[in-house]
Amino acid sequence: MEPSVHESVGFSAGCPDCGAELEGWGTHALVGGSLRWDTGINCPACGCAVLSCGDDDVPAELRARLLADHGPARLQVDPSAGGTAIMRVLRVELGVDLANIRSVLHTVLTGEHSGTLPEMEFLARKLRAAGVDAVAARP
Ligand SMILES: [Zn+2]
């Protein structure tokens, strides 16, 4: 099995219960071929703790924090791979519809497709499995 990829971020936030400033953390990860996320806060003032996690789309707020902290990772594909195999992976794995597939393919072929490192690594592995030379990289 390929190694897991994790990306984490810490942040400060207001406690939902008492309003005190607290430290929160969030992680996005590619584990065993699946994307997962978790996020949590712990309030030192009132002791309240909130943990959430999921294997669906990473929450927009957490994703924005990860991208702000680490910068976006980019997907790099061999441009000679041809669009058909790449489009198939994009449709299956990202659910890109036909109306948008060409513009998404364009961002992939020009190296402009970006996201969190686990997201890009996930796509790179799916593309390699489909015979397309692809890597996730952070410039
Ligand atoms: Zn509190």
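The values are calculated or read from the model by the stated rules, or taken from the named source; none is laboratory data. What you see is a predicted model, and the numbers here were worked out from it, not measured in a lab. Positions of Cβ are generated from backbone atoms using ideal geometry, with glycine treated the same way; all protein chains shown enter the neighbour counts. Accessible surface is based on the protein model in full, side chains and every heavy atom, while ligands, DNA and RNA are left aside. Shrake-Rupley method; radii C 1.70, N 1.55, O 1.52, S 1.80 Å.
Results for (1) open to solvent by less than 60 Å² (accessible area, probe 1.4 Å); (2) modelled with pLDDT of 95 or more; (3) not polar (S, T, N, Q), shown as yes or no for each residue.
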site: G83; (1), (2), (3): yes, no, yes
site: T116; (1), (2), (3): yes, yes, no
site: E121; (1), (2), (3): yes, yes, yes
site: K126; (1), (2), (3): no, yes, yes
site: G131; (1), (2), (3): no, no, yes
site: R138; (1), (2), (3): no, no, yes
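Okay, residues lined up against (1) surrounded by 15 or more Cβ atoms within 10 Å (Cβ to Cβ); (2) over 12 Å from H28 (Cα atoms):
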| site | (1), (2) |
| --- | --- |
| G54 | no, no |
| V58 | yes, no |
| L62 | yes, no |
| R74 | yes, yes |
| S80 | no, yes |
| I86 | yes, yes |
| V96 | yes, yes |
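Filtered by the rule that a residue be modelled with pLDDT of 95 or more and either under 17 Å from the mean Cα position of the chain (by Cα) or open to solvent by 90 Å² or more (accessible area, probe 1.4 Å) (or both), segment 38-50 gives D38, T39. Counting only strands (runs of 3 or more DSSP E) wholly contained in segment 11-90, the ones carrying 2 or more residues that are out of contact with any Pro (no Cβ under 8 Å at 6 or more places or on another chain) and over 21 Å from V132 (Cα atoms) occupy 21-31, 34-42, 49-54. Looking at G32, G54, just one residue is modelled with pLDDT of 95 or more and more than 16 Å from the ligand (Cβ to nearest atom), and that residue is G54.
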